[in-house]
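Undergrad: Input: one structure, supplied below.
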Amino acid sequence: MIEGERETLAIALDHAWRWYENRRGRAVLLLQILVLWLAILGTAYGVAVQAGQYGLAGSLGVLAAVSVAATDLETSRLRASAQLGAEAVTELQGRLADALSTETMRLNQREQAGRPPTPTFLGLDSGRWLAFVSIAVAFAGSLYTWLFLS
């Protein structure tokens, strides 16, 4: 492999890595924003119940459920997009390792081989189950507020 090809390969690897890192970073940022947003909604729910505004409190529960659902959909999309970058990183690291005759450059491949499989239940990972349970709890809280507190 000539020097120009190696540089092109390094640039392609950098691009794929930035793609992966950007998508994963955005997914984590969305989850952080969701945690903050749910804390605000939880506080507003408590204030609304304290003030006897049960309709508003129930609506805040529905808003929380919708927020979790929207965040789950977007983070799933971002994770799938990041996986495209991860596949490119794996391939490019392999080509770079071959070009440099350095097997230790296959970092992503070695990391994937040492990682235990993601636990699933009924075909869904634990993050998706957490989202479903959170949505169900938020809707149940809204129904409880509307039916039993008002």
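Undergrad: Quick one: count up the residues across region 55-71 that are buried (at least 18 other Cβ atoms within 10 Å of the Cβ) and farther than 24 Å from GLY25 by Cβ.
TA: Residues in region 55-71 being buried (at least 18 other Cβ atoms within 10 Å of the Cβ) and farther than 24 Å from GLY25 by Cβ: 6 in total.
Undergrad: ALA39 fails exactly one of the following numbered conditions: (1) among the hydrophobic types (A, V, I, L, M, F, W, C); (2) surrounded by 16 or more Cβ atoms within 10 Å (Cβ to Cβ); (3) at pLDDT 95 or above. What is the number of that condition?
TA: (2)
Undergrad: Give the residues of region 76-131 that are over 23 Å from ARG23 (Cβ atoms) and part of a helix (DSSP H, G or I), sorted by residue number.
TA: If the condition is that a residue be over 23 Å from ARG23 (Cβ atoms) and part of a helix (DSSP H, G or I), then ALA97, ASP98, ALA99, LEU100, GLU103, THR104 are the ones that fit.
Undergrad: For region 77-115, give me the residue count where each residue is of a type in the set (Gly, Ala, Ser) and more than 15 Å from LEU9 (Cα to Cα). Give the derivation first.
TA: Let us first name the residues in region 77-115 that are of a type in the set (Gly, Ala, Ser), namely 80-82, 85-86, 88, 94, 97, 99, 101, 113-114.
With more than 15 Å from LEU9 (Cα to Cα) added as a condition, the list becomes 80-82, 86, 113-114.
Number of matching residues: 6.
The values are calculated or read from the model by the stated rules, or taken from the named source; none is laboratory data. In this text the structure is predicted, and so the values were computed from the model without any measurement. Cβ sites come from the backbone with ideal geometry, for glycine too, and all protein chains shown count toward neighbours.
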